[in-house]
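Just so it is clear, none of the values below were taken in a lab; they were calculated from the coordinates. Quick caveat, the model's predicted, so the values are computed rather than measured. We place every Cβ from the backbone using ideal geometry, glycine too, and count neighbours over all the protein chains shown.
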Amino acid sequence: MRANFDSLRSVARHGIVATLAYGVGASLSVSAMAAEPGEAKLPQLDIQTYPSQIFWLIIAFIVLYFLVSKIAVPRISEVLSEREERIADDLDKAETLKKEAEQVRAEYEKALGEARDKAHAATREAQEAAAKSGAALEAESQTKIAGMLKDAESRIAAARAEAVGNVRSVARDVAGEAVSKLIGVQVAEADIDKMVDATMEARS
């Protein structure tokens, strides 16, 4: 900022010097033109008034230089300084917002990854639970089926034994009656049972 202020003062100084030189040169040229014989002289072109005109010209430029260096240049310097500060603040805010955006993005990606991992874990647990439940149900079903088969076999065996007993009883009665009718002899029940058992074992 100090460099800008010095450059403005240098420009103002060079401008004043150039203006003074231009004014003096213009006055001399005009006075030379006015000094030609036969032409009317203007008061401001009278060479005798040049010292006072140059004096007031210097005073005017000194006042102008003072105004420029003490009022205009500081104001311009202040405006430039405020502008640089505002630009720096904007840059700082932009950098802060950029960092916050990067942080938010990192947190979002982290949360997304955690949610994805949790979803995979939940899916895996659900699959394992379903597999365990299926295995338990299958084992329970097999146990129930085995019990039902055992019960059915028991009932079948009981029914078979009952049927065999009934058949034996019927066969004994029929055989006793048949022998009694055929040969007129009453056979003992023990002998009839032996004959029936031998016949059933031979057929089985």
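By other beta-carbon atoms within 10 Å, ranking Ser77, Ser154 with the fewest at the front produces Ser154, Ser77.
Which FRET efficiency, nearest 0.05, do Ala157 and Ala130 yield, Cβ-Cβ r, R0 30 Å? FRET efficiency, Ala157 to Ala130: 0.15. Full extension of the chain between Ala101 and Leu80 yields a length gain of 4.5 nm, computed as 0.36 nm times the residue separation minus the alpha carbon distance.
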